Amino acid sequence: MEFHDQQKQILEEKKIVDQTDYIFLNLTDYRLATLGIPIGQQNTNIVLKRIVKLVGIDHDPKDISMYNCRHTVASKVAAIPQMNYPWAASRLGHTVDMFLKTYVHVDPDKNKEMLDLIGK
């Protein structure tokens, strides 16, 4: 919310009307912000890596990206008991088939739980 408030302040100062109410508008190019275009994935990844470094998370820089975060979240959501896959797929902007094929992976925690369940 703090970032969103700061973004609103910048937009007001630049007299840019945000018709989208996106949280991450492209503020490095005010023309794009005026068009309601959010920041791109590359810039999002740069910000994400700065945050990870700032909070002191030890990681391989190749593993930190919005793409990987999306896969992780989708996999965790899919593992929730009674999850409605059509709902989850729609939140990601995909069909159920695409959701299952692209974003749903074996959750290592769930894998261990299932192996324990069958006694292996």
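Tally up the residues in the range 10-58 that are polar (S, T, N, Q) and in contact with a Leu (Cβ under 6 Å, 6 or more places away or on another chain), please.
Residues that pass the stated criteria total 1.
For (1) touching a helix residue (DSSP H, G or I) at 6+ places or on another chain (Cβ under 9 Å); (2) loosely packed, with under 10 Cβ neighbours inside 10 Å; (3) without any contact (Cβ under 8 Å) to a residue 12 or more places away in the chain; (4) farther than 28 Å from Ile10 by Cα, each residue gets a yes or a no:
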{"position": "Gly36", "(1), (2), (3), (4)": "no, no, no, no"}
{"position": "Leu48", "(1), (2), (3), (4)": "yes, no, no, no"}
{"position": "Met83", "(1), (2), (3), (4)": "yes, no, yes, yes"}
{"position": "Tyr103", "(1), (2), (3), (4)": "yes, no, no, yes"}
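Mind listing just one residue for me: the one in the range 12-34 that is among the hydrophobic types (A, V, I, L, M, F, W, C) and part of a helix (DSSP H, G or I) and, of those, surrounded by the fewest Cβ atoms within 10 Å (Cβ to Cβ)?
Restricting to residues being among the hydrophobic types (A, V, I, L, M, F, W, C) and part of a helix (DSSP H, G or I), the top hit is Leu32.
Run Arg70 past the list (1) outside any helix (DSSP H, G or I); (2) modelled with pLDDT of 80 or more and report the number of the one that doesn't hold.
Unmet condition: (1).
Consider the range 1-11. How many of its residues are part of a helix (DSSP H, G or I), surrounded by fewer than 11 Cβ atoms within 10 Å (Cβ to Cβ) and either under 21 Å from the mean Cα position of the chain (by Cα) or in contact (Cβ under 8 Å) with a residue 24 or more places away in the chain (or both)?
Number of matching residues: 3.
Any idea how many residues of the range 65-88 are over 22 Å from Gln41 (Cα atoms) and of a type in the set (Ser, Thr, Tyr)?
Qualifying residue count, the range 65-88: 1.
The values are calculated or read from the model by the stated rules, or taken from the named source; none is laboratory data. If you're wondering where the values come from, they're calculated on a predicted model, not measured in any experiment. Every residue, glycine as well, gets a Cβ built from its backbone with ideal geometry; the counts of neighbours run over all protein chains shown.
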